[in-house]
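Enquirer: Handing you a structure now.
The values are calculated or read from the model by the stated rules, or taken from the named source; none is laboratory data. In this text, all values refer to a predicted model and were calculated from it rather than measured experimentally. Cβ placement follows ideal geometry from the backbone for every residue including glycine, while neighbour counts extend to all protein chains displayed.
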There are 2 protein chains.
Amino acid sequence: MFTEETTFSAESYFASQPPPPTLQHDVERVREFIKRHNNEGRSVVLVTSGGTTVPLELNVVRFLDNFSAGTRGATSAEYFLKAGYAVIFMHRQFSLQPFSRHYSHSTNPFLDFLEIESPADGSKTPAITVTPSKREDLLEVLSMYKDVHNRGTLHTLTFVTVDDYLWLLRAVSQEMSILGRRAMFYLAAAVSDFFLPRQRMSEHKIQSEKGRLQIEMDQVPKILKPLVDEWTKEGYIVSFKLETDDNLLIPKARAALERYGHQVVIGNDLHRRKYEVVFISRKEKTSESTTTADMNSGDFQEYWLRIAIPDTSGGVSPHKVKEIEEDIVAELGKRHASWISRA
Amino acid sequence: MFTEETTFSAESYFASQPPPPTLQHDVERVREFIKRHNNEGRSVVLVTSGGTTVPLELNVVRFLDNFSAGTRGATSAEYFLKAGYAVIFMHRQFSLQPFSRHYSHSTNPFLDFLEIESPADGSKTPAITVTPSKREDLLEVLSMYKDVHNRGTLHTLTFVTVDDYLWLLRAVSQEMSILGRRAMFYLAAAVSDFFLPRQRMSEHKIQSEKGRLQIEMDQVPKILKPLVDEWTKEGYIVSFKLETDDNLLIPKARAALERYGHQVVIGNDLHRRKYEVVFISRKEKTSESTTTADMNSGDFQEYWLRIAIPDTSGGVSPHKVKEIEEDIVAELGKRHASWISRA
């Protein structure tokens, strides 16, 4: 399925692929958000979430996509908010979002727990009420949602294509550099490894009369490299590695840390990701002299985080079930705090 | 982008690609639904909606997709329900659904119009109420939703991959054949023209170290042919043709009618599809002797349906805006009724 190595560096990528039209507007709003929370001394986490698309046509009908409903990102964002972070939630259009995620149209549709009450007192309009059994759960979610809105601690950004994602990530990380070590990056989005350069896209819908479809895609530049080295030198950076083959998980997570020199890779298997993850990081040295050259395999530590597979058969409220993101965020909060204090 | 013609017929497709595990269960429930409405003499429409995926791996991380939020299908399903049809709504997981479509998490999130009212009368739990300005709209949507649930006129089926879609379509259309001419097919889903045969899929996530990604896909068999000729000989069949190049729209819609011999192709342009569609059908003959051989270009008629582009700037309720699907469904309802009466 593969041909020879291609050569898009981050630099040549941004020089050749056009930015999304809303970029400047988005960046201005993010800048205000960061400035406000920086003034208040709050830590800010960028949570990326959901899959990116790779359009095959300029007038896009078909695209390559990465599997992700955005559960990891949306859930984690909620726990970061509870932990006192200001959250920039950069997510794929229509992927799950914090709070509303509890009421997916498919699994827990909100229209199902609203009731129409005929007016008893002669008023004209019937009242809409919440089914009693759902009231407590909704009240809890709604209270958190209102609180976050009132305090202005959540800022939402939307992407669709891998181009949108890369341009936004670069711009937001550059804006976050003013936060110094109080910036965290929680890169949970499922970003395509491949893309179709705009210069090779067909203008119109690819026609199907002519036989087999062949698509040839280039590698997306390894964006963690300039993120770590240039855009946000002091940010605490957490990346994710999703695999379906267990044998590849740890080696590939270590390779990513070696290659990019950031703080944590969270490895997860596609089928066990809701109950088990592994944090891969460098061992903390007594001396502060750790350099890239020190990182042989003995220099890494693995920290496994597991929860029991929840039993949801007994009608437990969906949002009362233990979620592994609660523990992931708690662990990262500790590590981030310790890392800030070591500045 | 294309190589030589491949040869998956519908027959060879179903013989070589495995059915989805839930197929039998889904079919049994659909059978009951159809039987009940057939007994009550009701017309039944199958509405397909949303895009299909083409997984690239058996443990799927990446997939090809077709652009569709499911607006056309979800909106039309609502108008078919209003028109008295029983509706089998076969849609892509997480695509828009009738009624809840008015409250997308992104554009009109329902948490935004719920309010928490502190108890005035000393009761312990605060009440949840609907923001007054949103109450009337919600009441209208909620009333329709409850009514449809109470009458049992909506049955929902879910697909993700193009395989799921094809297996379900075959099974459901076969079940619908007992309805005779009272069956309508409204095939609004954006179905992939290409697929990757299971036999050529890689087991695990495709690794990106090795350079460019090359994908070669086979054509999906033209499923309208057996649908018309074998599975549901008397069904009234409406297919859709979406193009981005205007010059192709009419010729391709006509070619589809000639090829498959069904009743209507609705052509729409990607960018104008919310305001303009064209119905392509055979001209009605005074004699009933129309055969495939009669269908030269002079035998087709075009019926253009247009609505004014709505002005939503004045804060009009989203679901009070005129939707073209209302007119599409009204026109099809008339044609279907006339076609039933000519049996």
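Enquirer: Mind checking whether some residue in the stretch B:161-171 is within 11 Å of chain A (Cβ to nearest Cβ) and of a type in the set (Asp, Glu)?
Expert: For the stretch B:161-171, residues within 11 Å of chain A (Cβ to nearest Cβ) and of a type in the set (Asp, Glu): absent.
Enquirer: Continuing with this model, one more query. Please indicate, with yes or no, whether at least one residue in the stretch A:91-113 is more than 29 Å from B:Asn59 (Cβ to Cβ), at the interface with chain B (Cβ under 9 Å from one of its Cβ atoms) and part of a strand (DSSP E or B).
Expert: No, the stretch A:91-113 contains no residue that is more than 29 Å from B:Asn59 (Cβ to Cβ), at the interface with chain B (Cβ under 9 Å from one of its Cβ atoms) and part of a strand (DSSP E or B).
Okay, residues lined up against (1) at pLDDT 95 or above; (2) surrounded by fewer than 16 Cβ atoms within 10 Å (Cβ to Cβ); (3) of a type in the set (Asp, Glu); (4) touching a His at 6+ places or on another chain (Cβ under 7 Å):
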| residue | (1), (2), (3), (4) |
| --- | --- |
| A:Leu242 | no, no, no, no |
| A:Asp245 | no, yes, yes, yes |
| A:Leu248 | no, no, no, no |
| A:Arg259 | no, yes, no, no |
| A:Gln263 | yes, no, no, no |
| A:Asn268 | no, no, no, no |
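Enquirer: Separate question: What about B:Leu81, is it touching a residue at least 12 places away in the same chain (Cβ under 8 Å), more than 11 Å from the chain's Cα centre (by Cα), farther than 30 Å from B:Lys334 by Cα and buried (at least 21 other Cβ atoms within 10 Å of the Cβ)?
Expert: No, not satisfied.
Enquirer: Now for a separate question. On the given criteria, is B:Thr125 among the hydroxyl-bearing types (Ser, Thr, Tyr), part of a strand (DSSP E or B) and surrounded by fewer than 16 Cβ atoms within 10 Å (Cβ to Cβ)?
Expert: Criteria not met by B:Thr125.
Enquirer: With the stretch B:1-88 as the region, which helices (runs of 4 or more DSSP H) entirely inside it contain at least 3 residues that are closer than 28 Å to A:Pro55 by Cα and modelled with pLDDT of 95 or more?
Expert: B:71-82
Enquirer: Cβ-Cβ below 9 Å, separation at least six or inter-chain, first residue in the stretch B:1-30 and within 14 Å of another protein chain (Cβ to nearest Cβ), second at pLDDT 95 or above and in a helix (DSSP H, G or I): which pairs?
Expert: That search, which allows pairs on different chains as well, returns nothing.
Enquirer: Here's another thing I want to ask about it. Taking the condition of being farther than 23 Å from B:Arg212 by Cβ and crowded, with 19+ Cβ neighbours inside 10 Å, how many residues in the stretch A:209-238 meet it?
Expert: 8
Enquirer: How many residues does the stretch B:263-277 hold that are away from chain A (no Cβ under 14 Å) and within 17 Å of the chain's Cα centre (by Cα)?
Expert: 6
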